[in-house]
Amino acid sequence: MTSHTHDASTDAEPNLVPLLDLVLQLIMFFMMCAQFAVMEQTDRSIKLPTASQARPIPEEGLGPDAVFLGITGDGAVKVVGRPPMTTEEEIVTFLKRDVYESALRTAKQRHEKDIRTVVVIRADQNADFAQVYKVMRRCQEAGLRKLQLRALQSGA
């Protein structure tokens, strides 16, 4: 019987370089996906009005429960992933059923009393203020109390 002895020079250690390379590539991939998801929330066709009192709002303060509503120059309400809503009924149904009830379920799952959902309204500079006011009223009537209006800072 021959005995095999192992010394330190014959023991092979795993090469971790390919594994680390893979992990770094996955991290970069998910960072890019997250950036595209943020960019997708804002419709670039809507030109925001300028306001001297506008100040930057940190995006991280919104959390994952933010809903972005875009109001076009012709008064249509746009939400990512949906066709533009043009009638009062479509807007009310969306806010009540899709946004408020979903926020209520989420709050119950978290055992919270308050709804965290923030509605961010991005109205085009050519949009009629009456339409913007109507959308704000419909949000409040649906039970959504946290509203933000977006504008660009003057001189920015």
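The values are calculated or read from the model by the stated rules, or taken from the named source; none is laboratory data. If you're wondering where the values come from, they're calculated on a predicted model, not measured in any experiment. Here Cβ is always computed from backbone atoms with ideal geometry, including for glycine, and neighbour counts include all displayed protein chains.
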What tally of residues in the range 121-156 results from selecting those that are among the aliphatic types (A, V, I, L, M) and either more than 23 Å from residue 93 (Cβ to Cβ) or at pLDDT below 85 (or both)?
4
In the range 46-89, which residues are surrounded by fewer than 10 Cβ atoms within 10 Å (Cβ to Cβ) and at pLDDT below 70?
52, 53, 55, 56, 58, 60, 61, 64
Which pairs turn up if I take residues in the range 98-110 that are within 17 Å of residue 69 (Cβ to Cβ) and in the same structural domain as residue 138 (by TED's automatic domain parsing) and look for partners that are of a type in the set (Val, Ile, Thr) and surrounded by 13 or more Cβ atoms within 10 Å (Cβ to Cβ) with beta carbon separation below 6 Å, at least 6 apart in sequence or on another chain?
99/67; 103/115; 103/117
In this structure, is residue 138 buried (at least 18 other Cβ atoms within 10 Å of the Cβ) and part of a helix (DSSP H, G or I)?
yes
Would you please name the residue that is farthest from residue 47 (Cα to Cα), looking only at residues in the range 102-135 that are charged (D, E, K, R) and in a helix (DSSP H, G or I)?
108
